[in-house]
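The values are calculated or read from the model by the stated rules, or taken from the named source; none is laboratory data. Note that this is a predicted model, so its numbers are computed, not measured. All Cβ positions, even for glycine, are placed from backbone atoms using ideal geometry, and neighbour counts span all protein chains on display.
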Amino acid sequence: MKARPFETAVAAVKRRAKVKPVVAIVLGSGLGTLADHVSEAVRIPYGEIPGWKRSTVPGHAGELVVGMLSGKPVAVMKGRLHYYEGYDVADVAFPVRVFKAWGIETIIVTNACGGLNPGFKAGDLMVISDHINFMHANPLHGPNDDSLGPRFPDMVGTYTEELRAIAHQVDPDLREGIYVAVAGPNFETPAGLRMLRGFGADAVGMSTVPEVLVARHMGMRILAISTVTDMATGIPGQIQHVSHEEVLAVADRAGKRLAGLVKGVVARL
Ligand code: HPA
């Protein structure tokens, strides 16, 4: 039988990487610092993995870093792909298919997001407890490969309780809440933000949900952490402009705390 694209990619990655990772980590905008903590690192540019698209966004390096973190073999995506770059969402989530085919059962997904919950502040870290897919795109659209997962995946309990509890043990100041994904690339209007808050969301961003949908489809254990890089409440009197530069600057500062959190979680897996 002809190899499926993610199987071809796994074969290519295995030829380069020395270890078999137990956890995959996806680093969001400006959050690449953690990749520098990986020891005995083998760095594979995305462009050198068949079927794996390259990121075009400033702040997203675009390499798979395979090595050791907190004593465990890991695969770290330094830079992720986004739907707003023009990729199909299935391409955005393709690396997750590769991770699972490689034998990885646990994924940690990080992102930069806007805070909708008025109790949050820029720099906060939030464990995602649940999400709303408002992206109007889904990587599971189209024919289902029954050998990978079910046609109609159950989404209850997607964000693994045990992993969330470990995260709170490692960093007791973590927030927890609901992430709503939008397509972007524009930031939201104040009216849009008030609507998203009305949905019950605590944070808004342009990523994470495609990867999580594919991970869930294949029954992986999932932890997702958002870095609140700006407050996006849309509340009159509190409305602020937001820029990608600001998002990256806050993410860079919060990235050190995030790195500590992820290392602590990996150590306890
Ligand atoms: N909105 C959407 N995505 C984001 C934001 C935001 O305010 N900040 C960082 N990513």
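Among the conditions (1) surrounded by 20 or more Cβ atoms within 10 Å (Cβ to Cβ); (2) under 24 Å from residue 139 (Cα atoms), residue 184 misses just one, which is (1). Within the range 248-263, residues that are under 11 Å from residue 123 (Cβ atoms) have Cβ atoms under 6 Å from residues that are at pLDDT below 90 and of a type in the set (A, V, I, L, M) in these pairs: 251/31; 255/31; 258/31, counting only partners at least 6 apart in sequence or on another chain. Just to verify a result, which residue in the range 207-256, among those that are within 20 Å of residue 134 (Cα to Cα) and charged (D, E, K, R), is farthest from the ligand (Cβ to nearest atom)? Ranking the candidates gives 216 first. Against the numbered list (1) more than 20 Å from the chain's Cα centre (by Cα); (2) within 16 Å of the ligand (Cβ to nearest atom), residue 204 comes up short only at (1). Here residue 40 fulfils each of the conditions (1) within 16 Å of the ligand (Cβ to nearest atom); (2) over 24 Å from residue 167 (Cβ atoms) apart from (1). Among the residues making up the range 167-184, those that are over 11 Å from residue 125 (Cα atoms), within 16 Å of the ligand (Cβ to nearest atom) and either modelled with pLDDT of 95 or more or of a type in the set (Lys, Arg) (or both) are 178, 179, 180, 181, 182, 183. A single entry from 57, 76, 92, 96 fulfils the requirement of being buried (at least 24 other Cβ atoms within 10 Å of the Cβ), modelled with pLDDT under 95 and either of a type in the set (Val, Ile, Thr) or in a strand (DSSP E or B) (or both): 92. Looking across the range 1-18, the residues that are within 17 Å of residue 45 (Cα to Cα) and in a loop (DSSP other than H, G, I, E, B) come down to 17, 18.
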